Structure formats: structure tokens, C-alpha cells
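This report concerns only the one structure given below.
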Amino acid sequence: MTIEAAFYDVKPYDREYFDKADGAARLARHFHEFRLSAETAASAEGARAVCVFVNDALDAACLEKLSASGVKLVALRCAGHNNVDLAAAKRLGLAVVRVPAYSPHAVAEHAVALLLALNRRIHRAYNRVRDHNFSLDGLVGFDVAGKTVGIIGTGKIGKIAAQIFRGFQAEVLAHDPYPDPEWARRHGVAYTDLARLLAASDVVSLHAPLLPDTFHLLKADTLAGMKPGAYLINTSRGKLIETSALIEALKTGRLGGVALDVYEEEEGIFFEDLSGLVLQDDELSRLLTFPNVLVTAHQAFLTREALAEIARVTTENLLRLEKGEPFLEGTAL
Ligand code: NAI
């Protein structure tokens, strides 16, 4: 029997890599450009698995509809799983798998790219030079060497980001409720508490997952505890930062620069071409007016290596569902 799998929120690059991963066409795949939610769950009728991304909304109502229509597996083609009600999935007997580490390098390197672009004003210089404006006024940056970089969350991605910054000869502080002292010793990284990290860091990069206790980790009081003029990079999840407080910190000049690959209310905006439309999100619109804010639309994961690995692991798990074999190690939630 061929496994029927319904894919949601599919972009052309997803299709390309999933086609390569299932070269022998062993799966019957239905690709949908729209997102999966309780409202669209009826489209999974006949499928035994759904394959979803970060902005599909698998709340209890959605999962109940999927389960009732015969779906057995939710395959996330991402690492984060805050958009799936895992307790409801368990209650309904739905298996959930994800791709825990497709390329931590992709995300860590993007965090560093954002910092360098923002600090050295590459985004502004690019536009200027294309306009034949070769002046350097307003493009002064700083050396990363010798600065203090604070890494919040030293899992797979945070560790690589820390190591890259050590390569820049920066001092690296880290905060994580589950520290890895042996790794820190090897790489010359010093763990500290959140308040000290925020107070001492010239650059803070977020790599913690979205959990109840990391929701709005950076809000008015924690932002006020950051070093004046510090740069803040978020490639993790938008809801780690309270956007209204971030805008205030930018308006007062408290923060030197902010680079975001994720945004609190990105759902329905990021990954879409809204050019020519009126942007309805006032906070994102405000953020985009600051010269010292750089926003990318959740593209940190988007490398060839990461897409190939996501497609390989997910396709293998879908085939294992068909064969009744255990899922790939470390992928089941
Ligand atoms: P991981 O699970 O390997 O590491 C997360 C680390 O955060 C763990 O060491 C954990 O102990 C730590 N942590 C938990 N609560 C914390 C807290 N309150 N303060 C500080 N640290 C805390 O995850 P990985 O693979 O490093 O990914 C990190 C996050 O990056 C993911 O949760 C995901 O949200 C985000 N991500 C973003 C992508 C993008 O394209 N922008 C792509 C992939 C992941």
C-alpha cells in the first residue's frame, strides 16, 4: 500500500527537494500551498500522514479532525514544534515527528550574517552604491573582535553560533538552564545568569526555543537590563521578544541595532509575497522604518543542505509509517 501524505504550506523549493528525496515516487503526495488548520483539515481526507511547517496551526480542534479522517502521523518539516498541541496528539494516538537538526549551521550562520550586515550597514551600502552614492557617511560599524557576545540557549544552533563568534575573537557569554560545562570549557565560553549576560553583552543572540517560560523573555524590564547600544539578534522564535517593548527600546536609542529573522506575529506575513499590498501589521511596519533594524522573513534555515536533509528525514519517516517501522532515532516527539 502506498502512503498518502498531504503536504501543507508548500513552496516551490520544498517541492524540489521533496521530489529529489522521493526519486522512486514511493509516496502518494498531495501538495497544498495553503496552511493546515482546523478550517482546512478536511483537505487531509484519505491521507495517512500530514506534512507541515512552522505556521500550520495544529491545535486540538485541527488534530481531532485529522484523527477522525484517518491521519496517523504529523510530520513537521522543521525543528520547532510549538504549533502542535502535543498533549492532544498523544490523547488521539497521533504520532508526531520532526527534523530535530537539519542544519544548525544554516541558522547559526544566518544569525552571524544578520549581525555583520546590520553592524557594517551592508544593507544600506548596497542600496547607496546602486544609486551611485559612494559616500560613507552613516556607515560606521564596530569590530566584533574583542566585543562580548551573549548567547541565550546553547543547544545545537546556539553552540555553533558561539563557536563562530569565538572565531571572530569575541568574548562569549552563554545562558541556558541546562548548561554544557565541558563544551564551554573547550571553546572558552562562560555561562552566566540571564541578567548578567544582558548587562555585559554588546551583542545578544537568541537561540532558545519558544516555551511558556521563554515567551517574552525580552520585554520592557529585561530589555532595560541590556547594555546601552547593544545589538539584538533573533533567529529563534518571534514570541521570545515583546515587540511593543522592543519598539520603545529602539525609539529611545537604548538598543544599537536589531536583526530579526522571526517576528512575534509573522504568521500570514512571512513566507508570502505581499508586495503591492498595504501592510496591516502596525508593529512590523514601525520596525521596518528604523534604519538600524534588519528583518529577514524566517529564512535562516534556507540552505541547500538544510532543505535536502529536511526532505530526506521526513520522507524516510513517511516510508517507515508505511512499513510499520520505528521512526528515525530522535525524531519522534
Ligand atoms: P535545541 O533544542 O538544540 O537547543 C535549545 C536550547 O535552549 C537548549 O539547550 C535548552 O536547554 C535551551 N533553553 C531552554 N529554555 C531556555 C531558557 N529559558 N533560556 C535559555 N536557554 C533555554 O534547539 P536548536 O536546534 O538549537 O534550535 C533553537 C531554536 O531555533 C528552535 O527552538 C527554533 O525555535 C529555532 N529555529 C529557527 C529557525 C529559523 O529558520 N529561523 C530554524 C530552526 C530552528
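Some notes on this structure:
- Single unsatisfied condition, Glu109 versus (1) open to solvent by 70 Å² or more (accessible area, probe 1.4 Å); (2) within 16 Å of the ligand (Cβ to nearest atom); (3) in a loop (DSSP other than H, G, I, E, B); (4) of a type outside the set (Ser, Thr, Tyr): (3)
- The lone exception for Val129 - which of (1) open to solvent by 60 Å² or more (accessible area, probe 1.4 Å); (2) in a loop (DSSP other than H, G, I, E, B) it fails: (2)
- Only residues that are touching a Leu at 6+ places or on another chain (Cβ under 9 Å), of a type outside the set (Val, Ile, Thr) and within 28 Å of Asn83 (Cα to Cα) were counted in the range 197-208, giving 3.
- Contacts under 8 angstrom Cβ, first residue in the range 183-200 being on the phi > 0 side of the Ramachandran plot, partner crowded, with 16+ Cβ neighbours inside 10 Å, 6 or more apart: Gly188/Val172
- Single residue of the range 210-238 satisfying the filter (of a type in the set (Ser, Thr, Tyr) and crowded, with 23+ Cβ neighbours inside 10 Å) that is nearest to Gly150 (Cα to Cα): Tyr231
- Filter result (near the ligand (Cβ under 8 Å from one of its atoms), open to solvent by 30 Å² or more (accessible area, probe 1.4 Å) and in a helix (DSSP H, G or I)) within the range 140-168: Lys156, Ile157, Lys159
- Residues that are in a strand (DSSP E or B) and within 12 Å of the ligand (Cβ to nearest atom), drawn from the range 199-216: Val204, Ser205, Leu206
- Only listed residue being touching a residue at least 24 places away in the same chain (Cβ under 8 Å), open to solvent by 50 Å² or more (accessible area, probe 1.4 Å) and in contact with a strand residue (DSSP E or B) (Cβ under 9 Å, 6 or more places away or on another chain), chosen from Leu94, Leu86: Leu86
- The sole residue among Ala75, Ala61 that is under 23 Å from the mean Cα position of the chain (by Cα), on the phi < 0 side of the Ramachandran plot and in contact (Cβ under 8 Å) with a residue 12 or more places away in the chain is Ala75.
- Looking only at the range 169-198, and only at residues there that are in a loop (DSSP other than H, G, I, E, B) and either among the polar types (S, T, N, Q) or buried (at least 16 other Cβ atoms within 10 Å of the Cβ) (or both), the one that is nearest to the ligand (Cβ to nearest atom): Asp176
- For the range 239-259, the set of residues classified as over 15 Å from Asp221 (Cβ atoms), within 16 Å of the ligand (Cβ to nearest atom) and open to solvent by 10 Å² or more (accessible area, probe 1.4 Å) consists of Lys239 only.
The values are calculated or read from the model by the stated rules, or taken from the named source; none is laboratory data. As the structure is a prediction and not an experimental result, all values here were calculated from the model. Quick reminder, even Gly has a Cβ in these numbers, built from the backbone with ideal geometry, and neighbours come from all protein chains shown. Ligands, DNA and RNA are stripped out before the accessible areas are found, and what is left, the full protein with its side chains, is counted by its heavy atoms. Shrake-Rupley method; radii C 1.70, N 1.55, O 1.52, S 1.80 Å.
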